[in-house]
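The values are calculated or read from the model by the stated rules, or taken from the named source; none is laboratory data. Remember, predicted model here, so these are calculated numbers, not experimental data. Here the Cβ positions follow ideal geometry from the backbone for every residue, glycine too, while neighbour counts run over all protein chains shown.
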Ligand SMILES: Cc1cc2nc3c(=O)[nH]c(=O)nc-3n(C[C@H](O)[C@H](O)[C@H](O)COP(=O)(O)OP(=O)(O)OC[C@H]3O[C@@H](n4cnc5c(N)ncnc54)[C@H](O)[C@@H]3O)c2cc1C
């Protein structure tokens, strides 16, 4: 199809197109047929994990020296979008490998942590969960109480409770944000990586959420767990909030991955809606002829494309080995969360009673993306960041009206 002859700034290169094609095939062949089953049973999607591992899709962002492909946020978003088009739960297994603890370990961790965990994640043999949220510390994460104490023999003990660790029940380790002695608020917060088979780690429950049934969140207790120097990812400093800020900035990878899954799930819902409108005959004519429904498609596409472009900008700005910038990331996450909610809701409406039925994948996509609007920082948290940054004179790199503030 011809266009104005200009260059698409977000065009994918040959390798990225091949990666998208591979992920699309694996998702359609191996993941889509089993997604409804895992949603019903809540079982870990083991066949999906195996298929993703067999296709080398856990290797995407991990460095080559640990058996990875050394790619970045753009490629992570491509795969996450394609997998989430069929199943958000399976995409979340990739999300943890690309944008969760493994990325933090590679960028911030010591050699021992990298050698121990990165090859296992790249091979698809280890899931590492994230333990940040606590019963009294969700959006206000700096209120967390999980803490290290010195045991008098120069070693640390970890005590605390994390109540929303995605895939904690299937994890080999958990990246736990915790407090070093002496700090309060944002000061003193750092992070450790704890193997789940270590004495004192207990899985105390699994949430029964509205969606994402095959990749649920777990509650985990840490009772006097021994922590060695090698387990420390980022040491907390009781006199400084810089380690906490470093950890927070790393969440931008996760937020972009979250946005990519929303874009993918919404894309799937939109494509199904177009097909359905062309197939469905009501009162002797295809519903594709109804302008009222065509307008729905148009509004869905506008919302989705806007979110997709914001995400494309955020992940490209990360550059090789970098982190997506905070303002662009917050905009991409908020836009993708809201677009996915809107698009999946309208897709159900276009499908009428069938959209509401469990026999079709739409209601599952709707339930799944609903959780993504809360995880990785709520939509409100993104708005808080965007608005409070704006009144301080900060803006995006492409809005020419102010000079971007550093960081
Ligand atoms: C599917 C899913 C997966 C998750 N996975 C993980 C995980 O792997 N690891 C992990 O640690 N956590 C995880 N979480 C937890 C998630 O990060 C928290 O639920 C989230 O940060 C919100 O915290 P909260 O639930 O305590 O809500 P609260 O902080 O109690 O907020 C309640 C409501 O108030 C709003 N609110 C709070 N403060 C403000 C404010 N200042 N201004 C305006 N509105 C505000 C919130 O947006 C929300 O709407 C997950 C959650 C979900 C749903």
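Tabulated results
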read-out	value
Qualifying residue in the range 125-148 (condition: surrounded by fewer than 21 Cβ atoms within 10 Å (Cβ to Cβ), away from the ligand (no atom under 12 Å from the Cβ) and assigned to a helix (DSSP H, G or I))	no
Flag if residue 306 is assigned to a helix (DSSP H, G or I) and either over 18 Å from the mean Cα position of the chain (by Cα) or farther than 30 Å from residue 62 by Cβ (or both)	yes
Residue match in the range 164-184 (condition: surrounded by 19 or more Cβ atoms within 10 Å (Cβ to Cβ), more than 14 Å from the ligand (Cβ to nearest atom) and more than 24 Å from residue 102 (Cβ to Cβ))	yes
Unmet criterion (only one of (1) out of contact with any helix residue (DSSP H, G or I) (no Cβ under 6 Å at 6 or more places or on another chain); (2) under 24 Å from residue 323 (Cβ atoms); (3) in a helix (DSSP H, G or I)) for residue 169	(2)
Among residues of the range 365-379, those that are within 6 Å of the ligand (Cβ to nearest atom) and assigned to a helix (DSSP H, G or I), counted	1
Within the range 341-383, tally of residues that are touching a residue at least 12 places away in the same chain (Cβ under 8 Å) and within 30 Å of residue 395 (Cβ to Cβ)	15
Checklist (1) within 15 Å of the ligand (Cβ to nearest atom); (2) part of a loop (DSSP other than H, G, I, E, B) applied to residue 153, failing item	(1)
Cβ-Cβ under 8 Å pairs, at least 6 apart or on other chains, the range 218-238 side on the phi > 0 side of the Ramachandran plot, far side part of a strand (DSSP E or B)	224/157; 224/158; 224/159
Within the range 85-124, considering residues that are touching a strand residue (DSSP E or B) at 6+ places or on another chain (Cβ under 8 Å) and outside any helix (DSSP H, G or I), the one farthest from the ligand (Cβ to nearest atom)	110
Selection from the range 81-115 of residues that are free of Cβ contacts under 8 Å to residues at least 60 places away in the same chain and either surrounded by fewer than 22 Cβ atoms within 10 Å (Cβ to Cβ) or more than 11 Å from the chain's Cα centre (by Cα) (or both)	102, 106, 111, 114, 115
From the options 332, 339, residue that is crowded, with 21+ Cβ neighbours inside 10 Å, within 30 Å of residue 290 (Cβ to Cβ) and away from the ligand (no atom under 16 Å from the Cβ)	339
Matching entry among 214, 260 (being within 19 Å of the chain's Cα centre (by Cα) and in the same structural domain as residue 327 (by TED's automatic domain parsing))	260
